[in-house]
Amino acid sequence: MQVRHPETRWDWNKIEVDTIDFPPGFQWGVATSSHQVEGNCNNNWSRWEGGFKADGNPRIHNGDRSTIACDHWNRYEEDIALIKALGVGVYRFSVEWSKIEPEAGNFDDSAIQHYRDVCLALKAAGITPVVTLHHFTNPLWFEDMGAFENEENIRYFVRFSQRVFDSLKDHVAIWCTINEPAVYTSQGYFNGVWPPGKQNPQLAGEVMKNLLVAHTRVYEALKSSADGKNYQVGIVKNVFPFDPYNRWNPLDWFVCSILDGVFNQGALDYFQTGKFSFSMPGMDKVKYINKSGLGTLDFIGLNNYSHQRVKSRLNSKEFFRFEFYPDEEMTDMFYPIYPEAIYRSIKRVKDIDVPIIITENGIADKKDDRRRRYIERYLYAVSKAIKEGADIRGYYYWSLMDNFEWSEGYEMKFGLYEVDFTTQVRTLREGSKQYMDIVARFSQ
Ligand code: GAL
């Protein structure tokens, strides 16, 4: 039986994906994050990785640990050559706070020098660096003082950010403050499957608010330098549209609207209206209206992978589940290929009225039998949004190479390059050529 989908669906049999168009100067790139690729981290994640869940299973799929990951810390020159070979002009990476400031107030100049060297090597290869200051990981000292649970701790993140900015700003013009505050919050404080493994909606609201305030404080600090206007500072926001399983069930719609508020709209409101609120059934509302997010974005980084389909349940312990229709083609992650999601997400962040950069989009596809289609269809959706007026400046594919995919360990293969984790050999995947072809077509 053909299921009627309640959400926007395009007829891909009628769409010609090569009718795409991208403006001159569009930034094509690839993205990674420090903990996922560098190796030898000593942070909240490395500590978390050794542990077990309440049911006795390891917290990380297969009991994997990040350990040396892609050894990117030592192999960055080789990896920059791989980036260049793709034909892209941007590399988005993150700096590892725990390496730069292993103890509170004690900065390691050699770690900062490392990132300067990375920037120099990128420049020499003609690739623009885009730096993320916080990508899920905290130094242990910061984690142990409650990290972003306490508003007073934000100053440590501002101090670190200022230090990195001062050290790298002669090479870096585009800065992402915080990667996906809602993912950090929901996984660490609501689902409890990422560090610090708490399940406390009230605290989740507090953390989310503090991350947004942290963004604003970092924005203000970096932009207040004498040459602040020369730098673009933005946040990276993951948007996941939530769609009901049963369009005739009001409870499915209701749960979608709650999840959308917490995961998507809360942060968007903060930047669009200056107000933040967070509410889940059974908790007090966390409201934050004093500090305004208005005017604290030079751009918004948008990460989108797919949508979620919500089936409500009359069960107070688990009031919903994610469940997809049989005709939805899945990625290796727990969500399907649904290119309309990126289009719908762009339409939402567009209302903030700042330029958009797609800071992440990509597919986990071990068999490499869907990557090509994913790339051409999602880029079709991005191009369509641009044609309809969205101000999108760039697109960074996630990820340059296979890496440590958080609680999914090494099982998920997001890389344009396959990595053999015993030999560290990188090999271009067939499906990735679709990205290279599109990049070549729209680069002068
Ligand atoms: C994002 C995250 C990345 C990467 C990606 C693929 O949420 O920022 O670090 O893991 O998802 O799942």
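The values are calculated or read from the model by the stated rules, or taken from the named source; none is laboratory data. Small disclaimer: the values here were computed from a predicted structure and weren't measured. Here the Cβ is made from the backbone with ideal geometry for all residues, glycine too, and neighbour counts use every protein chain on show. These accessible areas exclude ligands, DNA and RNA; they are computed on the full protein's heavy atoms, side chains included. Shrake-Rupley method; radii C 1.70, N 1.55, O 1.52, S 1.80 Å.
Numbers below:
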read-out: Number of the exception - Ser257 against (1) assigned to a strand (DSSP E or B); (2) touching a Phe, Trp or Tyr at 6+ places or on another chain (Cβ under 9 Å); value: (1)
read-out: Any chance Ile342 is among the β-branched types (Val, Ile, Thr), closer than 30 Å to Lys229 by Cβ and in a helix (DSSP H, G or I); value: no
read-out: Among residues of the range 6-29, those that are surrounded by 14 or more Cβ atoms within 10 Å (Cβ to Cβ) and more than 22 Å from Tyr338 (Cβ to Cβ), counted; value: 4
read-out: Filter result (of a type in the set (D, E, K, R), part of a helix (DSSP H, G or I) and crowded, with 24+ Cβ neighbours inside 10 Å) within the range 345-364; value: none
read-out: Positions within the range 37-51 being surrounded by fewer than 23 Cβ atoms within 10 Å (Cβ to Cβ) and touching a Cys at 6+ places or on another chain (Cβ under 9 Å), in sequence order; value: Gly39
read-out: Any hit, the range 365-388, residues being in a strand (DSSP E or B) and either surrounded by 16 or more Cβ atoms within 10 Å (Cβ to Cβ) or touching a strand residue (DSSP E or B) at 6+ places or on another chain (Cβ under 8 Å) (or both); value: no
read-out: Lone unmet requirement of (1) assigned to a loop (DSSP other than H, G, I, E, B); (2) away from the ligand (no atom under 16 Å from the Cβ) for Phe136; value: (2)
read-out: Check on Phe165, within 16 Å of the ligand (Cβ to nearest atom), outside any strand (DSSP E or B) and either surrounded by fewer than 16 Cβ atoms within 10 Å (Cβ to Cβ) or touching a residue at least 12 places away in the same chain (Cβ under 8 Å) (or both); value: no
read-out: Candidate set from the range 55-70 (those that are of a type in the set (Gly, Ala, Ser) and assigned to a loop (DSSP other than H, G, I, E, B)); member that is nearest to Phe421 (Cα to Cα); value: Ala69
read-out: Inter-residue pairs, beta-carbon under 7 Å, first within 12 Å of the ligand (Cβ to nearest atom) and open to solvent by 10 Å² or more (accessible area, probe 1.4 Å) and in the range 400-422, second among the aliphatic types (A, V, I, L, M) and outside any helix (DSSP H, G or I), 6+ apart; value: Glu405/Met412; Ser407/Ile60; Ser407/Val193; Met412/Met333; Met412/Ala364; Lys413/Ala364
read-out: Check on Ala173, more than 16 Å from the ligand (Cβ to nearest atom) and either of a type in the set (Phe, Trp, Tyr) or surrounded by 23 or more Cβ atoms within 10 Å (Cβ to Cβ) (or both); value: no
read-out: Meets criteria (small (Gly, Ala, Ser) and over 17 Å from the mean Cα position of the chain (by Cα)) for Ala173; value: yes
read-out: Residue within the range 146-159 that is within 16 Å of the ligand (Cβ to nearest atom), part of a helix (DSSP H, G or I) and either among the hydroxyl-bearing types (Ser, Thr, Tyr) or touching a helix residue (DSSP H, G or I) at 6+ places or on another chain (Cβ under 7 Å) (or both) present; value: no
